[in-house]
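**Q** Below is a structure I'd like to ask you about.
Throughout, read-outs are computed from the coordinates displayed, never taken from laboratory work. Keep in mind that this is a model prediction, so the values were computed, not measured. Note that we place each Cβ from the backbone using ideal geometry, even for glycine, and neighbour counts take in every protein chain shown.
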Amino acid sequence: MRPVSLSMIVLAAVCSLAAGTPGLAVEKAPQQPRLDLARAEIATLIMVDDPACHYCRRWNKEVGGGYSRTAEGRAAPLKRVGRDSKILAGFAPVIYTPTFILAQNGRELGRITGYPGQLYFWEELSQMMSSAGINTKG
């Protein structure tokens, strides 16, 4: 049998008290600041989405589920936001949804307005990323 130290007994007592005593204050770990993806050093594809938008729903069905597993999705992770998101401050206004904004270091590198289908989306995204110097091959 392994000897039990005083610190182990105290730790067990504190844990059981915290778990069983309502109102006992347990200090939470400090929260890390939220990463502002629009200002991140890696590229981000910001999708301005609207639940009522037929074309947004179509993009979600045709592209959205697999986007993160593509080379483009790894090079520029997707961040969905509403039209009123603070992330959009500093970018040109968004009129239509969906609008896809390729951003890096707080700068807009390009945008796709609307979604007429997969072929158009992938061609436009590939061209936009290439023009911005974003490598999707590695």
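**Q** Glu62 versus Glu123, label points 7 Å from Cα toward the beta carbon: distance in nm?
**A** Calculated label separation equals 1.2 nm.
**Q** Can you compute the modelled spin-label distance between Cys53 and Lys86, with each label point 7 Å from Cα toward Cβ, in nm?
**A** Distance between the two pseudo-spin positions: 2.2 nm.
**Q** Using a simple spin-label model with points 7 Å from Cα along the Cα→Cβ vector, what separation in nm is obtained for Ala71 and Thr136?
**A** Modelled inter-label distance: 0.8 nm.
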